[in-house]
Amino acid sequence: QVQLVESGGGLVQAGGSLRLSCAASGSTGSINTMGWYRQAPGNERELIATLIGGRYTSYADSMKGRFTISRDNAKNTVYLRMNSLKPEDTAVYYCKARTFDAVDYWGQGTQVTVSS
């Protein structure tokens, strides 16, 4: 079992920045990839970025440029740095871990609200 806890969300003005954190615990050695997703009201959950094997990053095309995923292995924590935030970035942001045997674990989400 893997437990994920996101933090760092909040209210920010357009143009501002936030850094989200996702702390993993439990069977962290079983984790193959970790990723960040978001879901706005009325929309489907969408992929932002993935960290593969703790080293390689992949971004959804629409997310390239303003979002950066990174990891602190010592803290078993994955971060999402978000710059130049826009009101349309308002959503609940989720962290997901996928294990080597393809089991997915999700965090509870953290709300990000960008005011205009």
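The values are calculated or read from the model by the stated rules, or taken from the named source; none is laboratory data. Computed from a prediction, not measured in an experiment: that's the story for all the values here. We place every Cβ from the backbone using ideal geometry, glycine too, and count neighbours over all the protein chains shown. The accessibility values were calculated without ligands, DNA or RNA, using every heavy atom of the protein model including side chains. Shrake-Rupley method; radii C 1.70, N 1.55, O 1.52, S 1.80 Å.
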Item to check | Members of the range 1-22 found to be open to solvent by less than 40 Å² (accessible area, probe 1.4 Å), assigned to a strand (DSSP E or B) and not β-branched (Val, Ile, Thr), listed by number | outcome: Leu4, Glu6, Gly10, Leu18, Leu20, Ser21, Cys22
Checklist entry - Considering only residues of the range 23-38 that are closer than 18 Å to Thr110 by Cβ and open to solvent by 30 Å² or more (accessible area, probe 1.4 Å), which is nearest to the chain's Cα centre (by Cα)? => result Tyr37
Item to check | Identity of the residue in the range 68-116, modelled with pLDDT under 95 and part of a loop (DSSP other than H, G, I, E, B), that ends up surrounded by the most Cβ atoms within 10 Å (Cβ to Cβ) | outcome: Asn76
Checklist entry - What single numbered condition from (1) out of contact with any Phe, Trp or Tyr (no Cβ under 6 Å at 6 or more places or on another chain); (2) at negative phi fails to hold for Gly54? => result (2)
Next on the checklist: For the range 1-43, which positions are of a type in the set (Val, Ile, Thr) and over 16 Å from Asp72 (Cα atoms)?
Outcome noted: Val2, Val12
Checklist entry - Of all residues in the range 39-63, which are open to solvent by less than 60 Å² (accessible area, probe 1.4 Å) and closer than 20 Å to Thr99 by Cα? => result Ile48, Ala49, Thr50, Leu51, Gly53, Gly54, Ser58, Tyr59
Checklist entry - Got a number for residues in the range 29-49 being under 18 Å from Ser62 (Cβ atoms), touching a Ser or Thr at 6+ places or on another chain (Cβ under 7 Å) and assigned to a strand (DSSP E or B)? => result 2
